[in-house]
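Working notes for the structure below.
The values are calculated or read from the model by the stated rules, or taken from the named source; none is laboratory data. Quick caveat, the model's predicted, so the values are computed rather than measured. Glycine also receives a Cβ, built like all others from the backbone with ideal geometry; neighbour counts cover every protein chain displayed. Keep in mind that these areas ignore ligands, DNA and RNA; they rest on the heavy atoms of the full protein, side chains included. Shrake-Rupley method; radii C 1.70, N 1.55, O 1.52, S 1.80 Å.
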Amino acid sequence: MKQSTLLEDIKQQGLYRQHHVISERQHTQVKINQKNCINFCSNDYLSLSMLSELKQATIDAVNTYGVGSGASPWMSGYSVLHQQAEQTFAEFMQRDKAILFNSGFTANIGLMAALFDKTHTVAMDKFNHASLIDGLKLSGAKHLRYRHNDMQHLRQRINGELKGLVTEGVFSMQGTIADLKTLADISHEHQALLIVDDAHGVGVLGGGLGTVAHCGLTQKQVPLLVCPLGKAFAAQGAVIAGQADWVDLVLQKARSYCYSTAIPPMLAAASMASLQVLQQQSWRREKLLELIEYFQQCADELQLNCLPSVTPIQSIMIGDNEIALQLSEQLLQRGFFLKAIRPPTVPKGTARLRVTLNTDHTPEQIKSLLQTVTHCYDSLL
Ligand SMILES: *Cc1c(COP(=O)(O)O)cnc(C)c1O
């Protein structure tokens, strides 16, 4: 088919994506098309990215090591800052060893393809992140897919040997927390390797340690943990942390690590600085948790259909793609920036407004957002 026809198809389905260009940024406020808006779609959960501590650490690293790393970590791209970041994160996460990838996406792809092959069966939650699904495809392993957080369905589906069990800690589109305790039991019963991608839990839950700690588990039950650094840590890159021999195996085999330029040293420095702030300023996490509760309470009072979630990811369910899109446009005109999430990112008929809460939001902003959603929604029906 011709590319123009393919593009037309995307538009007809209401799935054509366009950028919103940010021209200024101040904490949770951003400027888009000359209009100031409150940003309700950033994963900077603890509002760290504009902090002077992070900026200064980044600038210092640039002055010492330059901007780009210049090569693969196996060539000349690996600096003392990379090494320090790995040691610092391993210690913080209470893991034997940690390695630094240049993004969560490449970490997941590299990890899955390094550990699994076509003789293996790997079970994954239906709502796992695209990078985990793509990584599994790349590995060639048999994909055993179970309904979201449905442990009974998972047990029913296991039939024979199970090599791996892979889940998100906090699900990125639902805000639900994985049933890690049961997943750990099932992995133990089948001697399967449990891998948790905690992009949205680390820094926020479990006193900052993430979903695994929140669920009372350690490295023993979860030998491999993926922590992307672009969310609560307000930087970029990802850490894979865990049992020394598993981490080393990933390090030795991951092609996305070997054949890609190492993350810039400045970002290793930035992530260490944000880890320090995160440890010293626990009020950031506590305030965020209060805002989450407030959001749920307000949504309840306004009778908005929200998924229950004790995480910064909140979903206002709409259903129809077009209505969700129109709502997000109307909200933008009224100074609230958030996105309509539509299929194929979420299942058909479950289009939603996805809100991500950050420490620097205020209760007034949250209330005003939800009142505006109610108002616009009523006028669209
Ligand atoms: C964001 C995200 C990733 C990808 O991380 P990047 O560093 O943004 O590439 C992986 N897994 C999950 C669950 C995510 O939400």
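Filter the stretch 339-364 down to residues that are out of contact with any helix residue (DSSP H, G or I) (no Cβ under 8 Å at 6 or more places or on another chain) and more than 21 Å from G14 (Cα to Cα), then give me how many there are. Talk me through it step by step, then tell me what you get.
Quick first cut of the stretch 339-364, residues out of contact with any helix residue (DSSP H, G or I) (no Cβ under 8 Å at 6 or more places or on another chain) only: 344-350, 354, 356, 360, 362, 364.
Still in the running and more than 21 Å from G14 (Cα to Cα): 356, 360, 362, 364.
Counting residues in the stretch 339-364 that are out of contact with any helix residue (DSSP H, G or I) (no Cβ under 8 Å at 6 or more places or on another chain) and more than 21 Å from G14 (Cα to Cα) gives 4.
What single numbered condition from (1) of a type in the set (A, V, I, L, M); (2) within 16 Å of the ligand (Cβ to nearest atom); (3) not in a strand (DSSP E or B) fails to hold for L288?
(2)
Take the residues in the stretch 217-266 that are closer than 24 Å to S76 by Cβ, open to solvent by 60 Å² or more (accessible area, probe 1.4 Å) and polar (S, T, N, Q); name whichever of them is nearest to the ligand (Cβ to nearest atom).
Q236
Out of L369, L338, L353, I need the residue that is farther than 23 Å from G201 by Cα, touching a residue at least 12 places away in the same chain (Cβ under 8 Å) and in contact with a strand residue (DSSP E or B) (Cβ under 6 Å, 6 or more places away or on another chain). Which one? Spell out the reasoning first.
Working: L338 fails: farther than 23 Å from G201 by Cα; L353 fails: farther than 23 Å from G201 by Cα.
After applying the criteria, what remains is L369.
Does V67 count as closer than 27 Å to A232 by Cα and either of a type in the set (A, V, I, L, M, F, W, C) or surrounded by 14 or more Cβ atoms within 10 Å (Cβ to Cβ) (or both)?
On the way: closer than 27 Å to A232 by Cα: yes; either of a type in the set (A, V, I, L, M, F, W, C) or surrounded by 14 or more Cβ atoms within 10 Å (Cβ to Cβ) (or both): yes.
Yes, satisfied.
Within the stretch 249-285, which residues are in a helix (DSSP H, G or I) and among the polar types (S, T, N, Q)? Can you show your working first?
Going through the stretch 249-285, the residues in a helix (DSSP H, G or I) turn out to be 249-253, 255-258, 265-280, 283-285.
Hits for the stretch 249-285 are Q252, S256, S271, S274, Q276, Q279, Q280.
Report, ordered by the first and then the second residue, all pairs with beta carbons closer than 6 Å, sequence separation of six or more or different chains, a first member in the stretch 298-313 that is surrounded by 18 or more Cβ atoms within 10 Å (Cβ to Cβ), and a second member that is part of a loop (DSSP other than H, G, I, E, B) and of a type in the set (G, A, S).
Correct list of pairs: S309/G175; T311/G175; I313/G175.
Can we say M124 is within 16 Å of the ligand (Cβ to nearest atom), open to solvent by less than 20 Å² (accessible area, probe 1.4 Å) and either modelled with pLDDT under 95 or part of a strand (DSSP E or B) (or both)?
Details: within 16 Å of the ligand (Cβ to nearest atom): yes; open to solvent by less than 20 Å² (accessible area, probe 1.4 Å): yes; either modelled with pLDDT under 95 or part of a strand (DSSP E or B) (or both): yes.
Here the answer is yes, as M124 does meet what is asked.
Could you pull out the residue among D179, D117, D134 that is open to solvent by 30 Å² or more (accessible area, probe 1.4 Å) and over 18 Å from the mean Cα position of the chain (by Cα)?
On the way: D179 fails: over 18 Å from the mean Cα position of the chain (by Cα); D134 fails: over 18 Å from the mean Cα position of the chain (by Cα).
Only one candidate qualifies: D117.
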